């Protein structure tokens, strides 16, 4: 059998991440990113003993390499032991420039040193919009395929306990900058989000209105979303007010109904919902209108788990402040 062509990854954080270079005719050259994908990257990682492929960056993500461009239209099945066994154009035959140099990030690269992660815009560091640090910049995660399995990995990575919810639709506000990850698909056993399968870094079909978020159990109950009922006949009836960014504000009555009220009563230990009064029945609040278009499914344990517009985004006035009457009369 032919000896596999030598391979190296250049310009990455470790020998297991970088621009793909192959040695042919005593000269190192690059690989064009036409058809380059995670299956091709998988073969490179296996050949180098670098674990599995995390991503297959294109467009000279790790800088432009030297001439020549040795390979183009690489198409691996994924079972090959070396990149030189994959189907491709003849050596040196291509229609590319070095701006198309292909790269690879393997699981045993510096990214097994997980990409740093943070949660933004929640009430503490264990709830909020998911942001990951890559290429010297913080960026967001798209909510396509985002669910409790991925949230579980995030909570574990941050030491924040278990996942309570995986939020969609920029629940914690829209981020800015790059959208780093899309179509994240974790098995649930990973120690870090960057170890889950996903599109290559920066490759997505999303906008920031799809930014993913997480609420973990260590976001303690009182911090998670303090809710109070004001101006009613007891602690268990009144105008709904929520605490966010160090101030109390109200909830708009658009879409407000008994299902939403049920979640508030449950959260406050006030029994079941009797009614969901609208139009500032318990008087007009002051300050911020924090939530609008609240739409709970009914099974949520806290109001922040319900779908709603981002914090502070509304088309309401305090004449539309929402209220709740619960069957109980005293909070625990």
| Residue ID - surrounded by the fewest Cβ atoms within 10 Å (Cβ to Cβ), chosen from residues in segment 128-158 that are in contact with a strand residue (DSSP E or B) (Cβ under 9 Å, 6 or more places away or on another chain) and at positive phi | 135
| query | Restricting attention to segment 180-215, which residues are touching a helix residue (DSSP H, G or I) at 6+ places or on another chain (Cβ under 7 Å) and modelled with pLDDT of 90 or more? | reply | 184, 214
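Within segment 26-65, work out how many residues are under 16 Å from residue 91 (Cβ atoms) and either free of Cβ contacts under 8 Å to residues at least 40 places away in the same chain or surrounded by 18 or more Cβ atoms within 10 Å (Cβ to Cβ) (or both). Steps first, answer last, please.
The initial filter retains those residues of segment 26-65 that are under 16 Å from residue 91 (Cβ atoms), namely 26-32, 34, 65.
Filter again for either free of Cβ contacts under 8 Å to residues at least 40 places away in the same chain or surrounded by 18 or more Cβ atoms within 10 Å (Cβ to Cβ) (or both), leaving 26, 28-32, 34, 65.
Result for segment 26-65: 8.
Examine segment 178-187 for a residue that is touching a residue at least 40 places away in the same chain (Cβ under 8 Å), part of a strand (DSSP E or B), over 30 Å from residue 41 (Cα atoms) and in contact with a strand residue (DSSP E or B) (Cβ under 8 Å, 6 or more places away or on another chain), and state whether such a residue exists.
As a first pass, look at segment 178-187 and keep what is touching a residue at least 40 places away in the same chain (Cβ under 8 Å): 178-185.
Retained after the next criterion (residues that are part of a strand (DSSP E or B)): 179-181, 185.
After this cut, where a residue has to be over 30 Å from residue 41 (Cα atoms) as well, the list is none.
So far as segment 178-187 goes, no, none of its residues is touching a residue at least 40 places away in the same chain (Cβ under 8 Å), part of a strand (DSSP E or B), over 30 Å from residue 41 (Cα atoms) and in contact with a strand residue (DSSP E or B) (Cβ under 8 Å, 6 or more places away or on another chain).
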| If you go through segment 1-25, how many residues are surrounded by fewer than 16 Cβ atoms within 10 Å (Cβ to Cβ) and not in a strand (DSSP E or B)? | 7
| field | Subset of segment 239-272 that is more than 21 Å from residue 293 (Cβ to Cβ) and in contact with a strand residue (DSSP E or B) (Cβ under 8 Å, 6 or more places away or on another chain) - its residue that is modelled with the highest pLDDT | value | 272
| query | Would you pick out the residues in segment 63-93 that are at pLDDT 90 or above and within 24 Å of residue 184 (Cα to Cα)? | reply | 75, 76, 77
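Do we have any residue at all in segment 244-259 that's under 29 Å from the mean Cα position of the chain (by Cα), in a helix (DSSP H, G or I) and surrounded by 14 or more Cβ atoms within 10 Å (Cβ to Cβ)?
Residues of segment 244-259 that are under 29 Å from the mean Cα position of the chain (by Cα), as a first pass: 244-252, 254-256, 259.
Subset that is in a helix (DSSP H, G or I): 259.
Cutting the leftovers down to surrounded by 14 or more Cβ atoms within 10 Å (Cβ to Cβ) gives us 259.
Within segment 244-259, one or more residues are under 29 Å from the mean Cα position of the chain (by Cα), in a helix (DSSP H, G or I) and surrounded by 14 or more Cβ atoms within 10 Å (Cβ to Cβ).
Looking at residue 160, is it under 24 Å from residue 304 (Cα atoms), at pLDDT below 90 and part of a loop (DSSP other than H, G, I, E, B)? Before the answer, list the steps.
On the way: under 24 Å from residue 304 (Cα atoms): yes; at pLDDT below 90: yes; part of a loop (DSSP other than H, G, I, E, B): yes.
Considered against the rule, which asks whether it is under 24 Å from residue 304 (Cα atoms), at pLDDT below 90 and part of a loop (DSSP other than H, G, I, E, B), residue 160 comes out as yes.
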| query | So residue 282 fits all but one of (1) in contact with a helix residue (DSSP H, G or I) (Cβ under 8 Å, 6 or more places away or on another chain); (2) under 12 Å from residue 324 (Cα atoms); (3) part of a loop (DSSP other than H, G, I, E, B); what number is the exception? | reply | (1)
| query | What number goes with the only condition from (1) farther than 15 Å from residue 171 by Cβ; (2) assigned to a strand (DSSP E or B) that residue 235 does not pass? | reply | (2)
| note | How many residues of segment 278-332 are crowded, with 20+ Cβ neighbours inside 10 Å and free of Cβ contacts under 8 Å to residues at least 12 places away in the same chain? The answer is 0
| If you take the residues of segment 216-232 that are part of a strand (DSSP E or B), touching a helix residue (DSSP H, G or I) at 6+ places or on another chain (Cβ under 9 Å) and within 25 Å of residue 323 (Cα to Cα), which of them is modelled with the highest pLDDT? | 229
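The values are calculated or read from the model by the stated rules, or taken from the named source; none is laboratory data. These numbers were taken from a predicted model, which means no experiment stands behind them. Virtual Cβ from ideal backbone geometry, glycine too; neighbours counted across all protein chains shown.
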